[in-house]
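Peer 1: This structure is in structure tokens; I'll ask about it shortly.
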2 protein chains.
Amino acid sequence: MSLRIAALGLLAEGSASGYDLLKQFEKSMANVWPATQSQLYSELNKLAVGGLIEVCAVGPRGRKEYRITDAGRAELQRWVADRQDDPPVRSAGLLRVFLLGLVPPEQARAHLHAMAEEADGEVRRLTELRESLTGGRAVDPADESFFGFAVLDYGLRLNAMQAEWARSVIDRLDD
Amino acid sequence: MSLRIAALGLLAEGSASGYDLLKQFEKSMANVWPATQSQLYSELNKLAVGGLIEVCAVGPRGRKEYRITDAGRAELQRWVADRQDDPPVRSAGLLRVFLLGLVPPEQARAHLHAMAEEADGEVRRLTELRESLTGGRAVDPADESFFGFAVLDYGLRLNAMQAEWARSVIDRLDD
DNA sequence: CGTCACATGTAAGCTGTTACATGATTAG
DNA sequence: CTAATCATGTAACAGCTTACATGTGACG
């Protein structure tokens, strides 16, 4: 259900073609809900059939620009409010940690170290991304992208936490 | 690929039937990689066909007890070491935050508040779980479940972070 | 004229969920 | 004897990935 919502959400902030949305998915939404080209296009067709979006313009290369309908907006708000049908979160990374007892201790240590470094890298990447988007200024709560930045902050905190955690596990391993 | 690994991982710590594994999934592994009954049974059959596990005993009600094979152990170690083919992480919860600009501000605040409370609840639940499993004592790195506890700690830190984050977003919203 | 970006679509296959279906054993 | 637990399986459907397939327009 969620890709449908993600697409609807992007269209709620302005009309766009599948191609446009695809790039937005690669950029801002990839961290929250990645989608492939194939999936996005077929989802757009389903949404159009269901009347949640509609083609509002046809451009050069068969380009179809979509616009959200009132029914689409209603569906979106219903979903944002409800928070029932969320699929469970799965993390292959944590599964791997769970099984780390199966490899030699030094390999386990190396793995945790790599996780910490990777998280550090993500913190740097997201910090730079934030910089480049805001230019260092604070984001106004009235700003349209306020919650986008809130999610970005979540990512920053998550990765900082992960780095700290990985190092704490290594420390306990070193007793 | 990952359910296959999760099942192999549990079998690596001792033989068990599908039914046994199912309960272990509901208990310890649900937070990392949930699985349904249906999926688990068919995965076990596939693993058996592939020679990664084998039936080592047949009990009362058609109960089949599985044991991991050498090939299974090899596959498991390969996967733990590799960390290439990880599926991307998706979070419906964060997607919802991303779209929170679409609902009235007070509803957004209420939602974030609910997220914080929920995270607090998880922290309590996991703290109690940890208590009940360790009896308050520290976990020895040599202990078989050391990494299980490491993952539990991750969950604790994650939820603590989430509660803090949600409250920080509310604060910024209140400007 | 060639290459790159634009632009959309289809098909096969795997993973995961829900629901249905069946039967054996044990405990009260 | 009857209800709960044990124990496994199948079928239909939705979501996602990979790969393939096709064609247009702009720029140099």
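Peer 1: Looking only at region B:67-82, count every residue that is within 15 Å of DNA strand D (Cβ to nearest atom), within 16 Å of residue B:12 (Cβ to Cβ) and either without any contact (Cβ under 8 Å) to a residue 24 or more places away in the chain or of a type in the set (Asp, Glu) (or both) and tell me the total.
Peer 2: 0
Peer 1: Just the residues that are open to solvent by 30 Å² or more (accessible area, probe 1.4 Å) and facing chain B (nearest Cβ under 9 Å), please, taken from region A:1-17.
Peer 2: Correct list: A:1, A:13.
Peer 1: Continuing with the same structure: If you check residue A:80 against the conditions, is it within 11 Å of DNA strand C (Cβ to nearest atom) and not hydroxyl-bearing (Ser, Thr, Tyr)?
Peer 2: It is false that residue A:80 is within 11 Å of DNA strand C (Cβ to nearest atom) and not hydroxyl-bearing (Ser, Thr, Tyr).
Peer 1: Related question: Can you find, within region A:48-57, the residue that is surrounded by the fewest Cβ atoms within 10 Å (Cβ to Cβ) among those that are on the phi < 0 side of the Ramachandran plot and without any contact (Cβ under 8 Å) to a residue 24 or more places away in the chain?
Peer 2: Per the criteria, the residue is A:49.
Peer 1: For region A:133-174, give me the residue count where each residue is of a type in the set (S, T, N, Q) and either in the same structural domain as residue A:6 (by TED's automatic domain parsing) or modelled with pLDDT of 95 or more (or both).
Peer 2: Adding up the residues that qualify gives 3.
Peer 1: Separate question: Would you tally the residues in region A:26-42 being under 22 Å from residue B:97 (Cα atoms) and near DNA strand C (Cβ under 10 Å from one of its atoms)?
Peer 2: Going through region A:26-42 one residue at a time, the tally reaches 2.
Peer 1: Then there is this: Restrict the check to region B:20-35 and report whether at least one residue is touching a Ser or Thr at 6+ places or on another chain (Cβ under 9 Å), surrounded by fewer than 19 Cβ atoms within 10 Å (Cβ to Cβ), on the phi < 0 side of the Ramachandran plot and within 11 Å of chain A (Cβ to nearest Cβ).
Peer 2: Yes, region B:20-35 has at least one match.
Peer 1: Here is a further query. Looking only at residues in region A:104-130 that are within 11 Å of residue A:170 (Cβ to Cβ) and touching a residue at least 24 places away in the same chain (Cβ under 8 Å), which one is farthest from the chain's Cα centre (by Cα)?
Peer 2: That would be A:105.
Peer 1: Would you list the helices (runs of 4 or more DSSP H) that sit entirely within region A:58-175 and hold 2 or more residues that are within 28 Å of residue B:96 (Cβ to Cβ), more than 7 Å from every other protein chain (Cβ to nearest Cβ) and open to solvent by 50 Å² or more (accessible area, probe 1.4 Å)? Don't jump to the end; show me each part of the working.
Peer 2: Values: elements: A:70-82, A:92-98, A:105-134, A:146-173.
In region A:58-175, A:70-82, A:105-134 are the helices (runs of 4 or more DSSP H) which contain 2 or more residues that are within 28 Å of residue B:96 (Cβ to Cβ), more than 7 Å from every other protein chain (Cβ to nearest Cβ) and open to solvent by 50 Å² or more (accessible area, probe 1.4 Å).
Peer 1: In region A:46-66, is there at least one residue being within 11 Å of DNA strand D (Cβ to nearest atom) and of a type in the set (Phe, Trp, Tyr)?
Peer 2: no
Peer 1: Here's another thing I want to ask about it. Just to be sure, is residue A:38 hydroxyl-bearing (Ser, Thr, Tyr) and either part of a loop (DSSP other than H, G, I, E, B) or facing chain B (nearest Cβ under 10 Å) (or both)? Don't jump to the end; show me each part of the working.
Peer 2: On the way: hydroxyl-bearing (Ser, Thr, Tyr): yes; either part of a loop (DSSP other than H, G, I, E, B) or facing chain B (nearest Cβ under 10 Å) (or both): no.
Spelling it out, it is not the case that residue A:38 is hydroxyl-bearing (Ser, Thr, Tyr) and either part of a loop (DSSP other than H, G, I, E, B) or facing chain B (nearest Cβ under 10 Å) (or both).
The values are calculated or read from the model by the stated rules, or taken from the named source; none is laboratory data. None of these values were measured; they are calculated from a predicted model. No Cβ is skipped: glycine too gets one built from the backbone with ideal geometry, and neighbour counts run over all protein chains shown. For accessibility, only protein heavy atoms count, side chains too; no ligands or nucleic acids. Shrake-Rupley method; radii C 1.70, N 1.55, O 1.52, S 1.80 Å.
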